[in-house]
Amino acid sequence: MNAPRTSLPLQERVEAQGHLIDSHIMEQIFDTVVEYNGRFEVEQFRIGRTNSEASYLRLKVDTDDAESMRKILSQLLGLGCSMVDSGDTELATVQRDRCAPDDFYSTTNHRTFVRRKQEWVEVQNQRMDALIVVEGDQAWCRRLRDIRAGDQVVTGMRGIRVVPESKERDRLAFAFMSNGISSERQVETAVKQTAALIEHARSAGHKIVAVAGPVVVHTGGASSLARLIREGYVNGLLSGNALGVHDIEAALFGTSLGIRQSDGRQEEHGHRNHMRAINAIYQCGGIRGAVESGRLRSGVMYECVRAGVPFVLAGSLRDDGPLPDTITDMNEAQDAYAEQLKSAGLVLCLGSMLHSIAVGNMLPSWVKIVCVDINPAVATKVSDRGTGQAVGVVTDVGLFLDLLARTLIPAS
C-alpha cells in the first residue's frame with residue numbers, strides 16, 4: 001500500500017494549453033519541476049482529440065522554499081504555464097531612465113499576454129530580453145535602454161501568460177531538414193521546401209528578409225541573391241559593412257578580397273581593391289549616388305537600390321572604411337534592423353553568424369527562420385530556438401542561393 005502524499009510547505013497551481021504532447025512541452029514542464037527540487041501532481045489533463053484541438057494541463061506544484069518555487073515558476077512561465085487565479089499583472093513605476101525595478105519581468109520571444117482588469121491583453125512588439133510597459137489597456141515590449149522614468153513596467157510573474165509556438169500538426173513543413181544535411185539530394189530538397197516557404201510568405205503578404213554575410217560574395221552567390229531581389233523575392237536586406245564592400249568590389253573590379261571571381265586567382269595588387277571600392281562610393285556620396293550616377297551597375301547593393309528594397313549595413317570594430325551608408329552606432333543599427341523586421345514572415349540567414357544570431361534574438365517566435373551556413377555550429381545555434389521556429393541547412397551558401405534562384409525563377 002502506497003504511503004499518502006504529504007504536501008510541501010509552498011504550493012502553486014499552474015495551467016497550460018496547446019499541442020503539449022506533440023511539442024514535448026509537457027515532459028519539459030514535469031522535468032522542470034523535478035530539476036528545481038519541486039513535486040508536481042496532475043490535477044487535470046485533457047488531450048486534444050484532433051490534429052487542431054489543443055490539450056489542457058492543470059498542475060499542482062509543491063516546494064520546500066520560496067526560492068525554489070520562484071525558479072520553477074520562472075521556468076514554467078516560459079514553457080507556456082500561467083498561474084491559476086493569480087489576479088492582474090503586478091506593476092511598478094520606473095524611478096529613473098534605464099533603471100528598472102529589480103524584479104522586472106524579462107520577456108521571451110513567444111507571444112505574451114498580461115492581465116489587466118481581469119482581461120488578457122496581448123503584448124505588442126514581442127521580442128526576447130525586454131521589459132513590458134503597460135499604458136492603459138495596452139502593453140508593449142521595450143528594451144531596458146528605452147525605459148523612462150514614470151513608465152509602468154510588469155514585475156513578478158503573476159498575471160502573465162506566455163504562448164510558445166507549438167509544433168504544428170498541419171504545418172507547411174519544417175520537418176523537412178535537419179542540422180546534418182550533407183548530400184546533394186538533401187540540399188535540393190531543402191531548397192524546394194525553402195522556396196515553398198517563400199511563396200507561402202508572399203501569398204500571406206509577409207515580408208521576406210535576407211540576413212547575409214560577405215561569404216555570399218566569396219562563394220559566388222551574389223548574382224543569385226541579386227536576382228532574387230530583382231524579381232521581388234527579398235523585401236529587405238540586413239548585413240554588415242563587409243557584404244556591401246565586397247559586393248561593390250566584385251561589381252567594380254571583378255574581385256572579392258582581391259581574388260578574381262572569374263578564375264579564383266589572386267589579382268595583382270588586388271588586396272587594395274576593397275579600399276578602392278569604398279573610395280569610389282564616397283566619391284559618389286553613397287551607394288544610391290553610385291547607382292544613379294552609373295558608377296555602380298550590378299550586384300546585390302545595386303539591385304536593392306533599383307528595386308527600392310531597403311537595406312541596413314551595421315558597422316563593427318574591424319570595418320575598413322566603412323562605407324558611407326554603414327551605421328556605426330550600435331544602438332542605431334539595432335533600431336534599423338528592428339524596423340526592417342516588422343511584418344516579416346520569413347527570414348533567410350545566409351552565411352553570417354553574428355548577424356544571424358542577432359536577428360534571431362530580435363524576432364518573435366512565430367517568424368520562421370531558414371539558416372544556411374557551411375559551419376554546422378552556426379546552423380545549430382540559430383536553430384536552437386525552441387519548437388520549430390528555425391531550421392539549419394549546412395551547405396555552401398553560393399550553391400544554395402543558385403539552386404534557390406533557379407527554383408523560384410525558371411529560365412525563360
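Any read-out appearing in this document is the output of simple, stated calculations on the displayed coordinates, not a laboratory observation. Because the structure is predicted, anything quoted here is derived from the model rather than measured. A quick note on method: Cβ atoms are made from the backbone with ideal geometry, for glycine too, and the neighbour counts reach across all protein chains shown.
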Can you give the convex hull volume of the alpha carbon atoms of the stretch 86-164 per residue, in Å³?
74 Å³
Gain in length, TYR282 to ARG49, computed as 0.36 nm per residue apart minus the alpha-carbon separation, to one decimal in nm?
77.5 nm
Here the net charge surrounding LEU73, from other residues whose Cβ is less than 10 Å away from its Cβ (Lys, Arg +1; Asp, Glu -1), is +2
Helix 66-78: inclination vs the chain longest Cα principal axis, degrees, rounded to 10, gives 50 degrees
Within the stretch 227-297, report the GluC sites (Glu not before Pro) that DSSP leaves as loop and that have at most 15 other Cβ atoms within 10 Å.
GLU231, GLU268
Spin-label model distance (nm) - GLU67 vs ASP146, 7 Å beyond Cα toward Cβ:
3.5 nm
Please give the helix 25-35 orientation as an angle from the longest Cα principal axis of the chain, in degrees from 0 to 90, rounded to the nearest 10.
70 degrees
Packing-based ranking, highest mean first, of 46-57, 277-288 given that Cβ atoms within 10 Å are counted:
277-288, 46-57
Using only Cα atoms, find the angle between the long axis of helix 273-283 and the longest principal axis of the chain, and express it within 0 to 90 degrees, rounded to the nearest 10.
90 degrees
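Could you please report the charge total around ARG227, scoring K, R as +1 and D, E as -1 over all other residues with beta-carbon less than 10 angstrom from its beta-carbon?
-1
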Neighbour net charge for GLY289 - beta-carbon separation under 11 angstrom, K R +1, D E -1:
0
Cα Rg over Rh - the chain, Kirkwood:
1.04
Looking at the stretch 1-85, what % of the alpha carbon pairs are farther apart than 16 Å?
51 percent
In whole Hz, with x marking every Gly and Pro, tabulate ³J(HN,Hα) for the stretch 369-378 from phi via Karplus 6.51 cos²θ - 1.76 cosθ + 1.60, θ = phi - 60°.
10, 10, 10, 10, 7, 6, 8, x, 5, 5
Cα extents of the stretch 337-391 per principal axis, largest first, Å, are 29, 22, 14
Along Cα→Cβ, 7 Å out, is where each label goes; now give me the distance between the ones at ASP22 and THR407 in nm to one decimal.
2.3 nm
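Whole number please: convex hull volume per residue, Cα atoms of the stretch 1-149, in Å³.
In the stretch 1-149, the Cα convex hull volume per residue is 140 Å³.
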Report, in cubic angstrom per residue, the convex hull volume of the C-alpha atoms of the stretch 275-412.
143 Å³
Here P(r) for the stretch 184-408, Cα-Cα distances in 5 Å bins, as whole percents, is 1, 7, 15, 20, 21, 17, 10, 6, 2, 0, 0
